[in-house]
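Comments concern the structure below.
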Amino acid sequence: MLWDTGVEVFDASCNENFTLRAMVYGTINDFPAYRNLSGYCNKGYKACPICDVGTSDTYLKKCGKVIYPAYRRFLPSDHHYRRQKKAFNGKTEGRKAPVPLTGDQVLEKVKGLNVKFGKQNADLLPSSGYKKRSIFFDLPYWSSLYVRNFLDVMHIEKNVFESLLGTLLNVPGKTKDGKKSRLDLVDMGIREELHPQNKNGRTYLPPACHTLSRKEKVAFCEFLKGVKVPEGYSSNISSLVSMKDLKLIGLKSHDSHILLEHILPVSLRSILPERVRRAITRLCFFFAEICRKVIDPQKLTALQKELAVTLCELEMFFPPSFFDIMVHLTVHLVRETQLCGPAYLRWMYPIERFMKVLKGYVMNRSRPEGCMVQRYLAEEAVDFCSEYLFNFDPVGLPEPRCITTTGKGIVGNEVISIARDDWRRAHLYVLHNSAEVEPYVAEHMALLRDLNLARTEAWIASHHNLSFIDWLRTRVSEQLEWSPDSVCERLKALFRGPRMEVMSYSAYRINGYTFYTEDRDYQSTMQNSGVTLEAEAMHISTVKDKNPVYASMSYYGVIDNIWELDYNRFRIPVFRCKWVGNNNGIEVDNLSFTRVDFRRASYTEEPFILASQARQIFFVADPKDKNWNIVLSTNRRSDSADHVEEDMGNEFEEHQFPEALLSFDDNSNGDELYKRSDHSEGIWIRPSKTVGRAGAFQKHRIQPPRKKRKILKG
């Protein structure tokens, strides 16, 4: 009824009735289920449901699989990659990108299909393309939708990362580079430098430009082994690394998401040739861009062009077998974002998590569906009734972990006495960041300027910091004498200052983050001590500069202490941090990575920040220089639940395609060699023993003879 005629519903806001109908906006599923819901055969030839008959495909005889190359079709018609031959398949490319079919065109194609299920009727259906009419076309609006079945970014990202990582580390069963792949190069007549070589009865595969030496593999795995991430950011990455086999094990979809978009670009900084490394980094940055929650629609067209160049770069360096249907589908992700919005609205993460919730409803394994229905209906009924009850916790939601406003200490809770200098610095910072004190700060600064006309702004600021606490105490005390009602209760507590005894913690939750002190980080598998703060600072060219410039800048550091200052009426949490100097301890490289050097600490006179101002970051060692660390952003945990699907896509929000990558292909040419010249650690293929007729390549494992069993009679 909801799909067709609808139900008459009263609108209380407009005081009128209207017809309520249900609508399917689109289907969200993995790619195998895409075939069942759309009716399109998404394997073999013409496997792309968006390109349809315009899909470029090639069958690899040795690998026995169909690949989907020719990404130069998606480049502008005047791009120089279209004219290159040796770098690609030995031919130029003059074809244009295929145009996706509209819903009406798809409906016209499937109208005449007479589907009869069963293997005996398989020959009556087309060998590729649409094989049935989707039942969703019964909906009157289905053919009018621009996108009816969504591509799942989660599974595409996971599969692309596994192929990429397996090829780089040469993981058996996961790599796309092997003997069969090299023999396909022989059949295609391309990349003669990489053709298999027979040496002393063994097959040797020369190292391709993407082949890592053992030293590089060890460096790559050791880097991942040393990565520590904040709580709730991802799995413990170090536990996923096998140093024995030099590979990653037990990866989940979210682990692939984090590694591909954030960790992999950093881990490759010291390995691989520069062009290959940059091509992979481009792909990582693309997924980071497409998975953001907020995307500028005007930049999507440029992002699509950059993706086409990126895929062409990968096509130049990786074997043809690398380009399966999952790699091909990335070329259509920008189009779906333009038509349907950000990817986090259409991917499988929340659905997979809800499936786990439904599985938890099952108490009788012989009747799983009934258990799910009864439990779901019961929760819906109780949730409806809870709207009419007070002080009733919502059904199905856990208690919030993160206290947004006030914060909460979770480890430590120790009363300590602090030094007088630390008390003064912490109290001064609280005063400078309190709205009630702002008028007094301006008044005191103006007074100092009037009394010291020849002094510079730097001297005024320094003298203000030294004398403001005592001046404010005198100023507010006088105001209380002649106008006590003009001073608010909070200001009365602030001007007197906090106690010398503070509550000290080693872990604190606030603003959706969990913060640790640096000492606790050393004892933990997580890294929660990194903080950043964007604040306005005074910039001067020389000591005698009388015209300083005030500008906003970012500061990076780690937490030394977590204190709660007791102002009798309330407490204010502050972090005492060790900050990196902005003059010589922070730099941004050509890939837009922020690097910090903790050996160059600064701002020892201003170590404090309010806990409510802190934004969490974490640091990973720069593989190019161990003395420097790369700054990576983290995501904020949701206040209302432990689930993180609402937070997915917040990581690395500020990272965009750097200009160094946008102009990467400008000076490229097609004459580069695909064989690595800096090492000769290729792949040796051991000859397999075979039995049977000549030409029958059946693997045979020699086993010891079995002992005959004695048969006992009677």
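The values are calculated or read from the model by the stated rules, or taken from the named source; none is laboratory data. In this text, all values refer to a predicted model and were calculated from it rather than measured experimentally. Methodologically, a virtual Cβ is constructed for each residue, glycine included, from the backbone with ideal geometry; neighbour enumeration extends over all protein chains shown.
Listed here are the residues, each with its yes/no results for (1) closer than 17 Å to K228 by Cβ; (2) not in a strand (DSSP E or B); (3) not acidic (D, E).
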{"site": "S554", "(1), (2), (3)": "no, no, yes"}
{"site": "I562", "(1), (2), (3)": "no, no, yes"}
{"site": "N568", "(1), (2), (3)": "no, yes, yes"}
{"site": "C577", "(1), (2), (3)": "no, no, yes"}
{"site": "N582", "(1), (2), (3)": "no, yes, yes"}
{"site": "F598", "(1), (2), (3)": "yes, yes, yes"}
{"site": "E605", "(1), (2), (3)": "no, yes, no"}
{"site": "F619", "(1), (2), (3)": "yes, no, yes"}
Given (1) in contact (Cβ under 8 Å) with a residue 40 or more places away in the chain; (2) assigned to a helix (DSSP H, G or I); (3) surrounded by fewer than 22 Cβ atoms within 10 Å (Cβ to Cβ), I295 misses just (2)
Pairs only if they're at least six apart or on different chains, beta carbon under 9 angstrom, first in segment 7-23 and within 27 Å of D138 (Cα to Cα), second among the basic types (K, R); list them, first residue then second. V7/R21
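Okay, residues lined up against (1) over 18 Å from V171 (Cα atoms); (2) over 19 Å from the mean Cα position of the chain (by Cα); (3) of a type in the set (D, E); (4) part of a helix (DSSP H, G or I):
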{"position": "P230", "(1), (2), (3), (4)": "yes, no, no, no"}
{"position": "L259", "(1), (2), (3), (4)": "no, no, no, yes"}
{"position": "T281", "(1), (2), (3), (4)": "yes, no, no, yes"}
{"position": "F286", "(1), (2), (3), (4)": "yes, no, no, yes"}
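Any idea which of G530, G557, G512 is closer than 22 Å to N629 by Cβ and in contact (Cβ under 8 Å) with a residue 60 or more places away in the chain? Working first, answer last.
On the way: G557 fails: in contact (Cβ under 8 Å) with a residue 60 or more places away in the chain; G512 fails: closer than 22 Å to N629 by Cβ.
Within the list G530, G557, G512, the selection yields G530.
Restricting to segment 496-510, and then to whatever is within 29 Å of V558 (Cα to Cα) and out of contact with any strand residue (DSSP E or B) (no Cβ under 6 Å at 6 or more places or on another chain), can you tell me which residue is surrounded by the fewest Cβ atoms within 10 Å (Cβ to Cβ)?
So in segment 496-510, the residues within 29 Å of V558 (Cα to Cα) come out as 497-510.
Keeping just the survivors that are out of contact with any strand residue (DSSP E or B) (no Cβ under 6 Å at 6 or more places or on another chain) gives 497, 510.
Working: G497: 20, I510: 23.
So the residue we want is G497.
Could you list all residues from segment 152-189 that are of a type in the set (V, I, T) and crowded, with 19+ Cβ neighbours inside 10 Å?
So in segment 152-189, the residues of a type in the set (V, I, T) come out as 153, 156, 160, 167, 171, 175, 186.
Answer for segment 152-189, where residues must be of a type in the set (V, I, T) and crowded, with 19+ Cβ neighbours inside 10 Å: V153, I156, V160, T167, T175.
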Please tell me if K43 is part of a loop (DSSP other than H, G, I, E, B) and within 29 Å of the chain's Cα centre (by Cα). yes
What number goes with the only condition from (1) touching an Asp or Glu at 6+ places or on another chain (Cβ under 8 Å); (2) free of Cβ contacts under 8 Å to residues at least 60 places away in the same chain that Y361 does not pass? (1)
Matching residues in segment 223-267 - criterion: being touching a residue at least 40 places away in the same chain (Cβ under 8 Å), loosely packed, with under 15 Cβ neighbours inside 10 Å and over 23 Å from L212 (Cα atoms): N236
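Going by the structure shown, is R292 in the same structural domain as G341 (by TED's automatic domain parsing) and within 20 Å of M316 (Cβ to Cβ)? Steps first, please.
On the way: in the same structural domain as G341 (by TED's automatic domain parsing): yes; within 20 Å of M316 (Cβ to Cβ): no.
In short, no.
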